Amino acid sequence: MENVSLKLNSELARELERCMGAAHYSTKTEFIREAIREKLAKVREESAKEKAWGKLFAMRGAFKGKGKFETDEEWHNWRSNVFSKQLEKELSKKYGLKL
């Protein structure tokens, strides 16, 4: 294992101690490790979603008439405003993407 040290201001350290007690962690190290694991998982998930959106953007011409976007802004606007959950599921199933 690699040692990593960090300094916390007293307010954050007190909050850490309150939370670790409430969440039944026996040590600060255990609590911090779990927090890091959760953050890393979240970052990986967000990265995977961005990659999936990138694949969808690359395939935008396959959207039966909706692929005529001239700019990235038009694509993002369409995706934000029109891209329903049902269509998202269908494309996810059709192209094997996890969104």
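No value in this document is a laboratory result; all are computed from the given coordinates. Predicted model, so just to flag it, every value in this text is computed and none were measured.
All Cα-Cα distances of segment 1-49, cut into 5 Å bins from zero to the largest, leave 4, 17, 22, 23, 16, 11, 6, 0 percent in each bin in turn.
Distance cut-off 20 Å, Cα to Cα: go down the list K28/K49; K42/K94; K49/K94; K39/K94 and report the pairs above it. It would help to have the intermediate numbers written out before the result.
Numbers: K28/K49 32 Å; K42/K94 25 Å; K49/K94 16 Å; K39/K94 30 Å.
Beyond 20 Å between Cα atoms: K28/K49; K42/K94; K39/K94.
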